[in-house]
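The values are calculated or read from the model by the stated rules, or taken from the named source; none is laboratory data. Note that this is a predicted model, so its numbers are computed, not measured. Every residue, glycine among them, receives a Cβ derived from its backbone with ideal geometry; neighbour counts consider all protein chains shown.
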Amino acid sequence: MGRSEKSTPRPARKRPYRGPVGGWGSLEGISKVALAEGVLPVGELLRQNKPDGFACTSCAWAKPAKPHTAEFCENGAKATLWDLTPRRCTPAFFAEHTVTELLDWSDYDLEHAGRLTDPLRYDAQLDRYVPCSWEEAFTAIGEVLKQLDPKSVVFYASGRASLETSYMYALLARMYGNQNLPDSSNMCHESSSVGLKQSLGVPVGTVTLDDFGQTDCILFFGQNPGSNSPRMLHDLQAAAKRDVPIVTFNPLRERGLERFVSPQSVQMVTGAATRISSEYYQVKTGGDPAVLVGLCKWLIEADDDARASGDPAILDHAFIAEHTSGFEAFASYCRATTWDEIERHAGLPKADITHAAATYAQSTAAIGVYGMGLTQHRLGVQNVRLITNLLMLKGNIGRPGAGVCPVRGHSNVQGQRTVGVTEKPELAPLDLLKQLYDFEPPREKGLNTVETCEGVMAGTVTAFIGLGGNFLRAIPDIPRVEAAWRDQALTVQIATKLNRSHLINGKTAYLLPCLSRIERDEQASGPQTVSVEDATSYIHASFGDRKPASDNLRSEPAIVAGIAQATLPPNPRVDWAAWTADYAKVRDAIEATYPQWFEGYNARVAGGFYRGNKARERDFSDVAGGKASFVTPTALSATGFAETPGIYRLMTLRSNDQFNTTVYGYDDRLRGLSGSREILLINEAEMARLGLVAGDVVALESAATDNVPRRKDGLTVTPFNLPDGCLGAYYPECNVLAPMSHYAEDSMTPAVKSLPVRIVVEPRRAAE
């Protein structure tokens, strides 16, 4: 049985953490989750990220050609323990608890109830989930979908589903009649997909893992590998040991970018940690455009001086002339921008920015690494294009040891886009799909995540199919969307564990439990292999071998096929049953649809292969004009709102005990925080200005200009090293403060890294 009661809230605690990332601290973090789950599957952990094992269900960081003995990190191990828990969330659990009661449970408590075991139907009269058969679920779902306007139905994907499942899911949506295929990329790296496409003609990064072994400079922006992609620290550590400068710009001093102890090495005995960042600058939240313009300004003006005096050029003029457009306009902008403007928006002195620029100038092959600290702002797309500008100035695209490296989140979020999970018609081979499957694919753009939420609130979205994830916790404006969610005719959630999104239901609602990637997937043709794509465009096989949590689970491909067969008219070109019986047939279909990337797919998947990247070959033919494009910025702040007294920039954060919306516990060890997630991080100078002391309880109110009240109560004031005017608090708890309209221009990625808020002292403290 799973946990039957919710846990008791604990007070927030702050104790400075002085250790590095990795080492014994990581083992302790893994042990706590293992103890809480009552499981320590050493054999499975040793198969994790191995060629003959399974791909981690956590982040999408690349897997080395020669894996370590233990090729897993702290968060990857927690994800595996979370999936392999002996706890079971059976129909008996739902007989004990109404859905209304469960709405008061925390994210942690809901998932800690254990693995879902049986298909469930929501009974509104009983306010409970009740068991049903798979056949009943598929038939009912199909009957409702047949009655709805296909344009009003959404097919959401979280980013964990395999390439095989994702291809089937995208085809189901298009054969049903829409391209409403939002995914978790809409919420995090859509700004990368748009910005990189505009600049380089490809929507993904250009580096591979080998480049980290050849680079002589790494520029790091807005990403926290210690909590979000710890295996990346092995590659950063190797570079640091070669004395490669790692120059970091981040509002918080994250321990993973400071010191690391490899659990694979003698450092576990000696305790000697490796320094990661050689230079660390705490940029103001949303100040990255100013930093990037400042770096480029110094390089351009230093190059002007060098050429005038006859010294060697600093910029790669041959690359700029042959492969790019827009340089002169950008260079003129940089020369005209004053250092006073740059310093004000960056929150950094000129000396820091010029020192970093001089470090970069000395390099011959540099990598630009970034995460959602760049993408989740109003000008997130501009941020992505500016870091690409910086790299192009020195020809660092399409050169060994160089390139742009967006660090993706979910383990196959990049891959599902590759095989068709996209709302954008230009990214799907619609003519070829028509030819292969003899149907007329929809041609109009589908709904992305923000548009889906707007449609729910407007009543134009009438059904939601969720392939994994916790959609209603990850989105902005949670209360407003939840209030309208129940008006939908149908909601279907495909999941391994219970979460809040399963408790807000449409008029007809089903919760369908699936196998995890770690479990044995036995179909008619035998045990099945699936595949995923990592953040560097490598395709890897994944083979689960663990006994399933329940005999009544079905694989994600089988569930997608079941819905398709119950919904779509028969099509002799698509044999859903055959695809379910043998996933190799799905891979054949993927190869036929995307031959440029998947030639010989079944023959190559076992050993893994690189999908290829035009920009890596300096082929920019997919950019308008045929050349890589410099962007001239429109502003030096990415926030999209003016600096105003009393208005703060709130950056939402993940903890060390968290991956996306999954909360493994209440420790944020690397920041020295524990006990609660209801905290507000603020620097001591700002506390003094407001008359606050540590432990005070305050509220945050949205300062958005749309006149919609948004408030988050009960946050404990916690002093932390942040730039002036900047605040930090946990995601997804503070998504209630994010307006639906506050998203990145061009990409519509929710701008939750710079939310305008006010601090409000709660009434009970005012009364004291």
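Among the conditions (1) assigned to a loop (DSSP other than H, G, I, E, B); (2) closer than 27 Å to Leu722 by Cβ; (3) over 21 Å from the mean Cα position of the chain (by Cα); (4) at pLDDT below 95, the only one that Pro263 does not satisfy is (2). Just one residue in the set Ile494, Ile504, Ile539 is closer than 27 Å to Lys434 by Cα and not small (Gly, Ala, Ser); that residue is Ile539. Only residues that are of a type outside the set (Gly, Ala, Ser) and under 18 Å from Gly29 (Cα atoms) were counted across the range 58-81, and they come to 9.
Would you check if Thr716 is within 30 Å of Lys197 (Cβ to Cβ) and of a type in the set (Ser, Thr, Tyr)?
Numbers: within 30 Å of Lys197 (Cβ to Cβ): no; of a type in the set (Ser, Thr, Tyr): yes.
Considered against the rule, which asks whether it is within 30 Å of Lys197 (Cβ to Cβ) and of a type in the set (Ser, Thr, Tyr), Thr716 comes out as no.
Of the helices (runs of 4 or more DSSP H) lying entirely inside the range 275-349, those containing at least 1 residues that are touching a strand residue (DSSP E or B) at 6+ places or on another chain (Cβ under 9 Å) are 288-308, 317-323, 339-346.
Given the residues Val404, Val481, Val384, Val456, which is the only one that is part of a helix (DSSP H, G or I) and either modelled with pLDDT under 95 or within 22 Å of Asn228 (Cβ to Cβ) (or both)? Spell out how you get there, then give the answer.
Details: Val404 fails: part of a helix (DSSP H, G or I); Val481 fails: either modelled with pLDDT under 95 or within 22 Å of Asn228 (Cβ to Cβ) (or both); Val456 fails: either modelled with pLDDT under 95 or within 22 Å of Asn228 (Cβ to Cβ) (or both).
Within the list Val404, Val481, Val384, Val456, the selection yields Val384.
Quick one: is Asp210 assigned to a helix (DSSP H, G or I) and farther than 23 Å from Ser162 by Cα? Full working, then the answer.
Details: assigned to a helix (DSSP H, G or I): yes; farther than 23 Å from Ser162 by Cα: yes.
It is true that Asp210 is assigned to a helix (DSSP H, G or I) and farther than 23 Å from Ser162 by Cα.
Quick one: is Tyr167 assigned by TED's automatic domain parsing to the domain that holds Ile559, in contact (Cβ under 8 Å) with a residue 60 or more places away in the chain, touching a strand residue (DSSP E or B) at 6+ places or on another chain (Cβ under 6 Å) and of a type in the set (Phe, Trp, Tyr)? Working first, answer last.
Values: assigned by TED's automatic domain parsing to the domain that holds Ile559: yes; in contact (Cβ under 8 Å) with a residue 60 or more places away in the chain: yes; touching a strand residue (DSSP E or B) at 6+ places or on another chain (Cβ under 6 Å): no; of a type in the set (Phe, Trp, Tyr): yes.
In short, no.
Of the listed requirements (1) closer than 24 Å to Pro527 by Cα; (2) modelled with pLDDT of 90 or more; (3) crowded, with 20+ Cβ neighbours inside 10 Å, Ala113 misses just one: (1).
If I filter the range 734-768 down to residues being of a type in the set (D, E, K, R) and modelled with pLDDT under 95, which single residue comes out as nearest to Gly195 (Cα to Cα)?
Filtering the range 734-768 for residues of a type in the set (D, E, K, R) gives 745-746, 753, 758, 762, 764-765, 768.
Keeping just the survivors that are modelled with pLDDT under 95 gives 762, 764-765, 768.
On the way: Glu762: 41, Arg764: 47, Arg765: 46, Glu768: 51 Å.
The residue in question is Glu762.
Within the option set Val698, Val631, Val717, Val623, being of a type in the set (Val, Ile, Thr) and out of contact with any Gly (no Cβ under 8 Å at 6 or more places or on another chain) holds for one residue only, Val698. From the list Phe464, Phe471, Phe543, the one residue that fits, being more than 24 Å from His742 (Cα to Cα) and of a type in the set (Phe, Trp, Tyr), is Phe543. Taking the range 198-227 as the range and being of a type in the set (Gly, Ala, Ser), crowded, with 24+ Cβ neighbours inside 10 Å and either within 19 Å of Ala628 (Cβ to Cβ) or without any contact (Cβ under 8 Å) to a residue 12 or more places away in the chain (or both) as the test, the residues that pass are Ser199, Gly205.
Here is a yes/no grid of residues against (1) more than 30 Å from Arg242 (Cβ to Cβ); (2) modelled with pLDDT under 95:
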site: Val154; (1), (2): yes, no
site: Leu171; (1), (2): yes, no
site: Leu181; (1), (2): yes, no
site: Met187; (1), (2): yes, yes
site: Thr206; (1), (2): no, no
site: Asp211; (1), (2): no, no
site: Phe220; (1), (2): no, no
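Evaluation of Gln493 against the conditions (1) part of a loop (DSSP other than H, G, I, E, B); (2) without any contact (Cβ under 8 Å) to a residue 40 or more places away in the chain shows that the sole unmet condition is (1). Taking (1) over 25 Å from the mean Cα position of the chain (by Cα); (2) in a loop (DSSP other than H, G, I, E, B); (3) not aliphatic (A, V, I, L, M) in turn, Arg677 satisfies each apart from (1).
Between Thr508, Thr529, Thr536, the distinction of being within 18 Å of Gln416 (Cβ to Cβ), touching a residue at least 24 places away in the same chain (Cβ under 8 Å) and surrounded by fewer than 21 Cβ atoms within 10 Å (Cβ to Cβ) belongs to Thr529 only. Filtered by the rule that a residue be polar (S, T, N, Q) and either in a helix (DSSP H, G or I) or within 25 Å of Glu328 (Cβ to Cβ) (or both), the range 630-645 gives Thr632, Thr634, Ser637.
If you go through the range 350-377 and keep only what is outside any helix (DSSP H, G or I) and surrounded by 22 or more Cβ atoms within 10 Å (Cβ to Cβ), you end up with Ala366, Ile367, Gly368, Val369, Tyr370, Gly371, Gln376, His377.
Does at least one position in the range 194-201 carry a residue that is on the phi < 0 side of the Ramachandran plot and either part of a loop (DSSP other than H, G, I, E, B) or of a type in the set (Asp, Glu) (or both)? Outline the logic, then answer.
Filtering the range 194-201 down to residues on the phi < 0 side of the Ramachandran plot leaves 194-200.
Still in the running and either part of a loop (DSSP other than H, G, I, E, B) or of a type in the set (Asp, Glu) (or both): none.
No, there is no match, as no residue in the range 194-201 is on the phi < 0 side of the Ramachandran plot and either part of a loop (DSSP other than H, G, I, E, B) or of a type in the set (Asp, Glu) (or both).
Of all the numbered requirements in (1) at pLDDT 95 or above; (2) over 30 Å from Gly562 (Cα atoms), Tyr583 misses one, and that requirement is (2).
No other residue among Met175, Met232 is assigned by TED's automatic domain parsing to the domain that holds Ile563 and either surrounded by fewer than 24 Cβ atoms within 10 Å (Cβ to Cβ) or closer than 20 Å to Pro64 by Cα (or both) apart from Met175. Listed by first and then second residue, the pairs linking a residue in the range 694-710 that is more than 30 Å from Arg15 (Cα to Cα) and in contact (Cβ under 8 Å) with a residue 12 or more places away in the chain to a residue that is small (Gly, Ala, Ser) and not in a loop (DSSP other than H, G, I, E, B), with Cβ atoms under 6 Å apart and 6 or more places separating them unless they lie on different chains, are Arg710/Ser702. If the condition is being more than 27 Å from the chain's Cα centre (by Cα) and either of a type in the set (S, T, N, Q) or surrounded by fewer than 12 Cβ atoms within 10 Å (Cβ to Cβ) (or both), then the range 633-652 contributes Ala642, Thr644, Pro645, Gly646.
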